[in-house]
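Structure first, commentary second.
Where a number appears in this text, it was derived from the coordinates with a stated rule and is not lab data. Computed from a predicted model, the values in this text were never measured in an experiment. Methodologically, a virtual Cβ is constructed for each residue, glycine included, from the backbone with ideal geometry; neighbour enumeration extends over all protein chains shown.
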Amino acid sequence: MAKKTTLSLGTMKENGEKITMITAYDYSSASLVQKAGIDMILVGDSLQMVMLGDTSTIAATTDVMIHHTKAVVTGAPDTFVVTDMPFGSCSSPEKAVEHATRIMKEGRCDAVKIEGGVNMKNVIKAVVDAGIPVVGHIGLTPQTTSKLGGFKVQGKGEAAGEVLADAMAVQEAGAFMIVLECVPAELSSLITKRLTIPTIGIGAGNGTDGQVLVYHDMLGLFDKFLPKFVRQYRQIGEEIVGGVQEYIADVKAGAFPEEKHSFGGVTKEDLKDL
Ligand code: KIV
């Protein structure tokens, strides 16, 4: 499958072909999702929670994002990779350009993702003007959950207009795609119809141009909590526990390793005088 580009992703929207995105944070998960045929990988700052065990994404740094991006790009060289700009890296247009440039040069990804709408319009524009493709992210923005009062659906009732204004601002700033997180389904359908750039939903219903899920959530690898919008396709965590339990039992019983797992090359004769 040919690697997607900002242009071919736009064509997918025009043709009504759904876009698939999933997070990956390391070489092995990236190579597996590429093998499965995913369109795009997100190196999300959710890694701070699902990989490093934190309670929020706030502590993720540009260095951490670059470290994981390098591994993902090595594992999935034929997949379009987007990396999150971490909290604090977009506090001014100049700072955002500096951090986005580092992520692109050192991480070797294809685009960066920036959380925020109207309030981040000048930041997104500066990064796009620096030649860096940007994916916007509006609705529930995990980096500002404290400000939003928790992990809550955004754009309910009269607040719908604010989320639409955010979407228009992100598109006007030059982003080539936008993530809509935890937005009422009717509203994200309307936004998807109004925008010319593709929308990728997470907890935003079925009317978006594509979907994104966190790898650990959809495969049963993270057990702290499960958002309502996740469908779990596998229970890999349970498989891992079962496999490790069998290994423990085999070692305790002396059933592992067998001869086929051991090395020869020394006879009793070789050892007799030792
Ligand atoms: O960091 C992340 O995984 C994300 C997704 C929730 C879209 O931003």
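Restricting attention to the stretch 67-194, the count of lysine pairs at 8 or more positions apart or across chains with alpha carbons under 21 Å apart stands at 16.
Separation of the stretch 211-245 and the stretch 143-158, taken as the distance between their Cα centroids, equals 25 angstrom.
Can you tell me the 0 to 90 degree angle between the C-alpha axis of helix 160-172 and the longest principal axis of the chain, rounded to 10? Compared with the principal axis, the helix lies near 80 degrees. Between GLY210, GLY237, GLY155, the Gaussian network model of the chain with springs among Cα atoms under 10 angstrom shows the greatest mean-square fluctuation at GLY237. A Cβ-based charge dipole, computed about the Cα centre of the chain with Lys and Arg at +1 and Asp and Glu at -1, lands at about 600 debye.
In this structure, the amide hydrogen of PHE80, modeled 1.01 Å from its nitrogen in the peptide plane, lies closer than 5 angstrom to those of LYS4, ILE41, counting only residues at least 5 positions away or on a different chain. Relative to the longest principal axis of the Cα atoms of the chain, helix 185-194 runs at roughly 60 degrees.
Please give the FRET efficiency for SER91 paired with ALA36, using the beta carbon to beta carbon distance and R0 = 41 Å, rounded to the nearest 0.05. Can you show the working numbers first?
Details: r = 37 Å, r/R0 = 0.89.
With a Förster radius of 41 Å, E is 0.65.
Once the Cα atoms are used to define both axes, helix 93-107 deviates from the longest principal axis of the chain by about 30 degrees. A full extension of the chain between GLU106 and GLU17 corresponds to an added length of 28.8 nm, given 0.36 nm per residue minus the alpha carbon distance. All C-alpha to C-alpha distances of the chain, sorted into 10 Å bins beginning at zero, yield P(r) values of 7, 27, 33, 16, 6, 6, 3, 2, 0 percent in whole numbers.
Please state, to two decimals, what the Cα-based radius of gyration of the stretch 148-208 comes to when divided by 2.2 N^0.38 Å (N = residues).
1.02
In this structure, the amide hydrogen of HIS137, modeled 1.01 Å from its nitrogen in the peptide plane, lies closer than 5 angstrom to those of ILE114, GLY116, VAL179, counting only residues at least 5 positions away or on a different chain. Label point of THR55 set 7 angstrom out along Cα-Cβ; within the stretch 128-153, amide nitrogens under 20 Å from it belong to 141-153. The protection proxy used here, the mean number of other Cβ atoms lying within 10 Å of each residue, ranks peptides 71-78, 254-261 as follows, highest first: 71-78, 254-261.
Given a cut-off of under 8 Å on Cα pairs at least six residues apart, what relative contact order in percent is computed for the stretch 161-239?
On the way: 116 pairs, mean separation 16.8, N = 79.
Computed value for the stretch 161-239: 21 percent relative contact order.
Listed by chain and number, the aspartates and glutamates placed with their C-alpha closer than 13 angstrom to that of LYS260 amount to none; residues fewer than eight positions away on the same chain are left out.
Starting from the Kirkwood radius over alpha-carbon pairs of the stretch 117-255, derive D by Stokes-Einstein at 4 °C in a medium of 1.567 mPa s and give it in µm² s⁻¹. It comes out at roughly 77 µm²/s.
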